[in-house]
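Below: the structure, in structure tokens.
Readers should treat all values here as calculations from the given coordinates under stated rules, not as data from a laboratory. Given the structure is predicted, the values throughout are model-derived calculations rather than measurements. As a convention, Cβ positions derive from the backbone with ideal geometry for all residues, glycine included, and neighbour counts pool all protein chains shown.
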Amino acid sequence: MKIVILKDASAVAKYSAAIFIKQIQNKADCVLGFATGSTPVDMYNELINAYKNRQVSFDQVSSFNLDEYLGLSGDHQQSYRFFMNDKLFDHIDIDLAKTTVPPGDSKNPIDACAHFERKIIECGGIDIQLLGLGRNGHIGFNEPSSSLSSRTRIKTLKQQTINDNARFFKDETFQPHLAITMGIGTILEARKIVLLATGKNKAQAIADTIQGPITAQCPASALQLHANTVIVIDELAASKLTNIDFFKHIERENQKLEKSLGL
Ligand code: F6R
């Protein structure tokens, strides 16, 4: 895993957006995996700015989102489809027909999960999957104890996750306790993975992800098995790592190497 520790959330957004921009510039019809939550919003704003400055076009890009609440249709304000349209898709030239968010209102969600998996394969697989990180180490809605080789399926959310997301449901009578999520095995098949985490409340989950044992108790620790994962974090999220200086040293050396190779 490549660990990139940056000063603050704004630097994390800029660094990670640059990875996505480079990917699209290298392969205009690439397949991107997106995440929701608070963490990627600044990165999405960077992508919107890059589009507006004509640095990048999304017109040939396809995308898959990690997860969706079960029971919410795409026009529900708390649905992840609504979030993606609002925070990114409505502001760039992506073809909405090429964007896939698991259907939270499907009449047969089990079939919908199998269909979602098939669709990823038909598109040729995901080039870069973006991930946020739950305080309990979840990625997508793969809560602790999820199989590390799980596929897209319905998951029951932990109370901590429900509480963490309650801020978005303040005025609602119904907050779903179930979700469709891409599985950990599905995520690990992406050719590249970029995980973002910022703030002190992610520090323990980051330490467990990077330095802990590979365990279903911290689903993100499965990323240790992936050959092309970049973890982009701010100083606060890095604060419980024991070898911060070493990670920073490696990154400086990587940058020197990349520069000398013209990458
Ligand atoms: C959202 C998702 C979740 C979030 C995680 C962190 O699509 O998959 O795993 O990435 O809950 O959420 P924030 O960024 O709000 O702290």
Among 251, 143, 117, which one shows the biggest mean-square fluctuation in a GNM of the chain, springs joining Cα atoms closer than 10 Å?
251
If we count other beta carbons within 10 Å of each Cβ, what is the order of 43, 182, fewest first?
43, 182
In the chain, with Lys and Arg counted as +1 and Asp and Glu as -1 at Cβ, which of these residues, 163, 103, 39, has the Cα nearest the positive end of the dipole, that is, farthest along it?
39
Given all pairs of different Cα atoms, what value in angstroms does the Kirkwood hydrodynamic radius of the range 12-79 take?
13.1
Over the chain, with a Gaussian network built from C-alpha contacts below 10 Å, which listed residue (183, 124, 74) shows the highest mean-square fluctuation?
124
Out of 205, 154, 173 - ranked by how far each Cα lies towards the positive end of the dipole of the chain, with unit charges on the beta-carbon of charged residues - the top one is 205
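With charges set only on the Cβ (+1 for Lys and Arg, -1 for Asp and Glu), what does the dipole of the range 2-261 come to about its Cα centre, in debye to the nearest 20? All intermediate terms of the calculation are to be shown ahead of the outcome.
Details: 29 positive and 29 negative charges, 116 e Å.
So the magnitude is around 560 debye.
Averaging sequence separations of C-alpha pairs under 8 Å and six or more residues apart, then dividing by the length of the range 166-223, give the relative contact order as a whole percent.
Working: 23 pairs, mean separation 13.0, N = 58.
Dividing the mean separation by the residue count of the range 166-223 yields 22 percent.
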Quote the convex hull volume per residue of the range 57-151, based on C-alpha atoms, as a whole number of Å³.
123
Using a Gaussian network model on the chain with a 10 Å cutoff between Cα atoms, which of 228, 53, 165 fluctuates the most?
53
Residue 254 paired with residue 225, simple spin-label distance in nm, labels 7 Å along Cα-to-beta-carbon
2.2
Two-decimal ratio, the chain, of alpha-carbon radius of gyration to 2.2 N^0.38 Å:
0.96
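Taking neighbour counts of Cβ atoms within 10 Å as a proxy for exposure, in what order, fewest first, do 154, 3 appear?
On the way: 154 15, 3 22.
Fewest to most other Cβ atoms nearby, the residues stand as 154, 3.
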Provide the descending list of Cα extents for the range 170-263 along its principal axes, expressed in whole angstroms.
56, 29, 29
Would you mind checking the pairs 2/107; 170/200; 14/98; 7/119 and listing those with alpha carbons more than 29 angstrom apart?
2/107; 7/119
